[in-house]
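These notes are about the structure you will find just below.
The values are calculated or read from the model by the stated rules, or taken from the named source; none is laboratory data. Computed from a prediction, not measured in an experiment: that's the story for all the values here. Quick reminder, even Gly has a Cβ in these numbers, built from the backbone with ideal geometry, and neighbours come from all protein chains shown. Quick note on the areas: whole protein, heavy atoms, side chains included, nothing else; ligands and nucleic acids left out. Shrake-Rupley method; radii C 1.70, N 1.55, O 1.52, S 1.80 Å.
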Amino acid sequence: MPGKLKAKIVAGRHLPVMDRASDLTDAFVEVKFGNTTFKTDVFPKSLNPQWNSEWFKFEVDDEDLQDEPLQITVLDHDTYSANDAIGKVYIDIDPLLCTEAASVISGWFPIYDTIHGIRGEINVLVKVELFNDLNRFRQSSCGVKFFCTTSIPRGYRAAMVHGFLEELVVNEDPEYQWIDRIRTPRASNEARQRLISLMSGELQRKIGLKVLEMGGNAVVGYLQCFDLEGESGLVVRAIGTACTLEKLTSGSLASAHTHPNTAPASNACNSPSKDGKEPVFGEDLPSSSGPPTPFRALPTSSSSPPPFSPCKPCSRQSSSSDTDLSLTPKTEEPQSGRRRPGIFLCPSSPVLSADSLSLPGLGSAGCGHGSGPRATSPALPSFTYSDSALLRKSVSFTEDLLLAASGMGSGGSAGKEAGPLKTLLRQQTQTALEQREFPFFTLTSFPPGFLVHVGGVVSARSVKLLDRIHNPDEPETRDAWWEEIRQEIKSHAKALGCHAVVGYSENTSICEEVCILSASGTAAILNHRYMREGCLDIGSTDQRFEDPSPPSCGFCHIPYDELNMPFPAQLTYCYNCRRQKVPDVLFTTIDLPAEAAVTGKGCLIQARLCRLKKKAQGEVNATVISNLLPFMEYELHTQLMNKLKLRSMNALFGLHIQISVGENMLLGLASATGVYLTALPAPGGIQIAGKTTGDMSNEQHILTIQKRINDTIARNKELYQINPPELTEEGVGSPIPEPRHRSRLFRSHSESSDEVSELDLSHGKKDAFVLEIDDTDAVEDIHSLLTDASPPAGFHSCNTETMPGIYNWTTAVQMFTSVRVLRLSNANLSNQSLNKIFTDLCENLLKSFYFKLRSMVPCCLCHLNFNVAVPEEELIQVSVTAVAMTFDKDQTQERPAERFITKGGSETDEQLQFSLELCADSSSTNSQPSSRISGTVSLFTPAAKLCQSQLVVVHSTGVPENTIVSSRAASVDYGSFADRCSTWLELLRLKAHTIRRGSVKTSRRTQSLAHSVSSLEHCSPLTEGRSRSVRSSRSFGGSPVTMVKMTPLSFLPGTRNIKYLGIINMFFIRETTSLREEGGVSGFLHSFIAEVFAMVRAHVAALGGNAVVSYSMKDCVLMENPNKNQAQCLINVSGDAVIYVRETDQEPTASMTNMGQSLCAADGAT
Amino acid sequence: MAVELDVFVGNTTIMDEEVYQLWLDGYTVNDAVKARMDAGVLEECEADADVLLSDTMDQYRTFQMCERLLQSPAKLANQLLFQITPHRQVMLIERYYAFDDTFVREVLGKKLSKGTKKDLDDISAKTGVTLKSCRRQFDNFKRVFKVVEELKGPLVENIRQHFLLSDKLARDYAAIVFFANNRFETGKKKLQYLTFQDFALCAGQLINNWTVGAVDNMVEDMDVDLDKEFLQELKELKILIADKDLLDQHKSLVCTALRGKTKAFAEMEANFKNLSRGLVNIATKLTNTKDVRDFFIDLVEKFIEPCRSDRWTAADIKLYLTHYTNSAHILDPFKHQAVWDRYMGVIKSCIFIMYHD
């Protein structure tokens, strides 16, 4: 059943002069929805017309309500000729379709014209009356809430997280249709804007349907992107995470406050044996009322061990073929050789894995020595050899493990049992998750305890040739492409021993007909047993059993088996709890978990890279690009690693690697926030080694460089306040880890783990991250390492939600967007000089920000989101969106125990009550407790699988049936620590490294509850005493404009989001044929960005909101032709409209309908 | 390696007050960068010239985009393009409408026409105010003039409401408008010692007492034009100097009152008739537009200069004028007390303002 849409045109103001003779305008308005159009009367001779129209009523299907925007066109009436359009307003009425969001849209909207920009404003009133729709087969999904925010929105609690959502729609791009030759640029732009608006409406509706199908009611972490594929069409695609959200009432607020202390401690370690005996487990699980999907054939494997082959741990029928597909090239050497020689292009980790596996006693030191000589002559045969060696090794290990496991099964004591049982549980989660096609989550931050372990970054890229989309209704090719990439990601995650991918995102870079598809995320193990009530009981008994991983370090503990590590790496016992192993370095795409223990502050770390390539066409071009990709990934990674060491940090969060393709070059930009995780070992220094030792001048040179590096490290330590207490000879020998250590030995029947830990001890004090200077390039690289300037005093920067180490934000917020385009004048640039230019460009941008925002000091640039593009040959475009937030300097040292409070929403605590849908999946197994013990054997299947998929950098061509033969997917796994030694290339510089040992005690600092709410920025003009008096005496001041704050973060410091009003998703095109008159490209883009901000703010204000959170500018495509005096720009922005109140304020009790007023009142009160 | 494009846009429009002032002062981007470097911006923040240039360009672009709004300040408050905090808006408007006293002194009383605008480069060269800034200021005068010309009600209040200016600035603009409308001569050499503020104060007196608005406050142009009836009535004051008896009587009354109270008594007595003739003649001639224009120069020539040459102090002036005005009331045959008061009240204030020791 349909709904009734009502619109009323109230008035206009500041209209442009359309009649030169009278200097006035005869304006009227057309209101269009679907195919119905209404008109207002002409309001003659006024620039501030008062139409005050009747209510225009549209009776439409709710499907249309979701897809179509309300289109309002303001025109100038002309008696003799055609009426001139002044401009348009598109209003997305989606927020009105959701009962919890806005109830009315009312306010001033800028009248926008794609040629002239904003031309006055119009006051509009829109309402929707929706009738209940009980039709099962409906195509609409009204009522599903959408959030761009990549965490559980504040004020909500996730009753259930259902999982990954994806959808894409394709169409022809109007700009490339034949009709475009005869229509005006304005008509063409408007057709495009309208089409994209329609497409994203449709996409959202389809995603919504999927959510309803899964039994959810919301999409969190909704990420929508446009691919302008030129001639081949236009793709709008979206991913997100389906959830069932429950709004927190004040009652639940109170009750939830009891959780934080107990729940996080218990969750990470849901005592397995207890679970096994008690039926609580089963009861806790969501009943069958849940989504229909999870109840596929439950893993028979776990209940009946024998058929469960170690080589095929994944019993799921539907996806096993996919898994095989991605696995085959890695394990079956002959086949992969036949299918593509490309696999040997960069088969780094087979070598390494083989080394480390065959020489477990030597650990990474051995690895370094062993690979040193080989690296100099990386001949292909050796890889083939090592590949097969790996295969053999993996099989034998599997047998060992099976033995170990069966031995354990008869073992019997509770303490010993705990370990395997835990793994069993994990296993169940894993299989449950594997039931799903893609166990991906677009969320980047989670309720405490949700994240059990983090494996590392997984990413995949694929180069495709675009072809025309023949049938827009069947976008199979594009679907297949993404499917392929996601499978790859999934298998990488498995290789890391993880069953899920969090912080997942996808993007593309298109140049002519070549398209790079990229996906990345963080492999992780999630706590499937994050229950509602029962959890607390279990938690209390928890301490008796092993593995009470403290929340501050639990996520760092390795998810894979240390004996069958996917990569050679150094593991140490966690410096926090000393019970479990941690890697020496951890890379992730997620935000720093709120509960993580961090030493000092974090900082933005960027790796930048330019690679020239020959111009080419079609398949040749695609091949060239896909051949370059792994080298770029490697280079970027090395840079990140070195810069991390240089800052004396050991973990990266929010890692985002963008590779952008142009006609004659590839740009790579990796951004992340470096942190010193207390749980991880201190990074060693960087040691420079010369190749030729005889040369004295060279020696001298090396010494100076070494000194500079050491100085930089020392300075950085001070700057970022990294001063972990050095407890040297404690480490492994400490009493706590001892018993566990032994049990593990017993379990594994292997001496190797013992030796590994021994080794850690022996290398305790060496700084050994060696950079070898063997050619000029290396010298350049080292120099570039040192050129990165640290932010000036008073500034911090990060690309995550908040800055690790800063907890006392004040309320001043300044969001900004900056775009810079550089023209490379010199045609003959080398890679090196190009790198320098690119690096300088990024560094200068940062410097600019610091300078511009100097008045906000002390402040932090958060969520620095860099976007690079090569819009034309010889042009490099970098666009940045970020927010500057002030903080209280005096208290930076202190860290509140409950960070969520300072993070902005006290209601975050309620997210503790959290359960994952997959619990339902494992319920059938749980009903037979006996089977679980017999199922121990299956514990080690993931380990076995690891051995098979140990490739870190894998080249895999597209699926054979793909029409483009040359297309090739290059994928890279970043294992948490494996990255360091991940490729053979790295061995050129990396000789050996060990880890400095030294334990760090977690320092629990006292809670600082001092929320300094500064009144630096007033949200409402009414707070300004002086202006009020001025305003009150104004003759035609009109209603003051509501201040709307914007931020890329999910919160505003010192405030609470009391209501989410809906998603903002807007697409604008601006074109000019008088570029010079508008102040050149800079002037053109400057005003366009300002206009986009204005339109976003206006929409938010009309919904009754006063802020946009999780704001992002996803696209900024600029095309210019200064010779013709023309330019065109496309911008796509999104975010969540919210109403916030100061944390100190009471929630306005006034009804939401006059939110504006009550807000003003609330703000005025502060 | 040319930077093809470089923009920075904040959700809350970022405006540096120093750069705004440089922009208002008509500095080119390069000059502004230089000025900022000299002011030491770079030292307080680790930055280089490129950063400064980029920042200055951004800000200049922002100001240029804002300029359209600043020209009708009421729009600034409810426009949507730039999110500017209210106190910032106030600052922007106030500074945009601020002017250089040296510049305004040059155009004060001149017709705000294209002709005058053409002379701005000369004024710019003379005053050292950049031509760009001169143009802005001149256009501001003209814009305010045009708007208030057609409005009813009190001048100062109209300016304040339409341009959202502070009371002080609104009064100054009222003075400028008033001077431009009546074309008072201010450029003569003898008047050079007077500052704009002197004239503005005088204008305030004239507006409050001599215009139509002083008696009826709901007419067009009420504060801009002098009250014609009043000017006509001033002719009646001629009797004070034309009637010899009256003049003598007036003199003796004033002298009696002043005797012993000032050192300059002798000069006062000697000059009484001259001074009195001067002031009354100014009054009677004010019906001629030409003589209205010369009002200030006449005051200086006929009264201030003689007094100054006799080294009267400001207190002397005050004393003399007070008694001079009051004594006229005692003169029996003199029937025009009201007109006399209205006239002398302003004259007295103006002379106080214009008499610099």
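Given charges of +1 on the Cβ of Lys and Arg and -1 on the Cβ of Asp and Glu, with all other atoms neutral, how large is the dipole of the stretch B:228-354 about its Cα centre, in debye to the nearest 20? Write out the running numbers ahead of the final one.
Details: 20 positive and 17 negative charges, 36 e Å.
Approximately 180 debye in magnitude.
Please list A:K4, B:K318 from largest to smallest accessible area, probe radius 1.4 Å, with all protein chains kept in place. The partial results should precede the final answer.
Working: A:K4 50, B:K318 115 Å².
So the residues, ranked largest to smallest area, are B:K318, A:K4.
May I ask you to derive the relative contact order of chain B, considering only C-alpha pairs under 8 Å and at least 6 residues apart, and to give it as an integer percent? Intermediate results must be reported in sequence, preceding the final value.
Working: 388 pairs, mean separation 52.1, N = 357.
Over chain B, the number comes to 15 percent.
For A:E476 and A:A187, what is the calculated FRET efficiency with R₀ set at 30 Å and r taken between the beta-carbons, to the nearest 0.05? Display every interim value, and only then the final one.
Details: r = 32 Å, r/R0 = 1.06.
According to the calculation, E is roughly 0.40.
With +1 assigned to the C-beta of every Lys and Arg and -1 to the C-beta of every Asp and Glu, and no other charges, what is the dipole magnitude of chain B about the Cα centre in debye, to the nearest 20? All intermediate terms of the calculation are to be shown ahead of the outcome.
Values: 48 positive and 55 negative charges, 336 e Å.
The dipole of chain B has a size of about 1620 debye.
Just the C-alpha atoms of the stretch B:228-354: what Rg/Rh do they give, with Rh taken as the Kirkwood radius? Before the final figure, lay out each step's value.
Working: Rg = 13.8 Å, Rh = 14.7 Å.
With Rg and the Kirkwood Rh in hand, the quotient comes to 0.94.
Less than 15 Å Cβ to Cβ from B:A315, Lys/Arg counted +1 and Asp/Glu -1: what total charge do the surrounding residues give?
Net local charge, B:A315 excluded: +2.
Can you give the local net charge around B:M37? Use residues other than it whose beta-carbon is closer than 11 angstrom to its beta-carbon, Lys and Arg +1, Asp and Glu -1. Mind showing how you got there, number by number?
Details: positive: B:K34, B:R36; negative: B:D31, B:D38, B:E43, B:D48.
With Lys, Arg at +1 and Asp, Glu at -1, the neighbours total -2.
Which angle from 0 to 90°, rounded to the nearest 10, does the C-alpha axis of helix B:49-70 make with the longest principal axis of chain B?
50 degrees
Mind checking which of B:L76, B:M57, B:L42 is farthest towards the positive end of the stretch B:17-84's charge dipole, using Cβ charges of +1 (Lys, Arg) and -1 (Asp, Glu) about the Cα centre?
Looking along the dipole axis, the top candidate is B:L76.
How long is chain B along each principal axis, judged by its Cα atoms, biggest number first, in Å?
For chain B, the Cα extents along the three principal axes come out at 91, 43, 35 Å.
Can you give the accessible area of A:E718 in Å² (nearest 10), computed on protein heavy atoms with a 1.4 Å probe?
Ignoring ligands and nucleic acids, A:E718 comes out at about 150 Å².
More than 20 angstrom separation, counting every C-alpha pair in the stretch A:1-150; what % is that? Write down the numbers at each step before the final one.
Values: 5659 of 11175 pairs.
Distances greater than 20 Å cover 51 percent of the Cα pairs.
Ordering A:E801, A:E166 from largest to smallest accessible area (1.4 angstrom probe), what's the sequence?
Working: A:E801 15, A:E166 40 Å².
Result, largest first: A:E166, A:E801.
With point charges of +1 on the Cβ of Lys and Arg and -1 on the Cβ of Asp and Glu, referenced to the Cα centre of the stretch B:101-210, which listed residue (B:N209, B:L151, B:C134) lies farthest in the positive direction of the dipole?
B:C134
Taking 8 Å as the Cα distance limit and 6 or more residues as the minimum spacing, I'd like the relative contact order of the stretch B:101-210 as a percentage.
Values: 92 pairs, mean separation 38.4, N = 110.
It rounds to 35 percent for the stretch B:101-210.
Calculate the dipole size of the stretch B:17-84 relative to its Cα centre from +1 charges on Lys and Arg beta carbons and -1 charges on Asp and Glu beta carbons; express the result in debye to the nearest 20. It would help to have the intermediate numbers written out before the result.
Working: 5 positive and 13 negative charges, 123 e Å.
Dipole size: approximately 600 debye.
Leaving ligands and nucleic acids out of the surface, order B:T313, B:T256, A:T673 by accessible area at 1.4 Å, largest first. Provide the component values of the computation, followed by the final result.
Working: B:T313 65, B:T256 100, A:T673 0 Å².
Highest to lowest solvent-accessible surface, that is B:T256, B:T313, A:T673.
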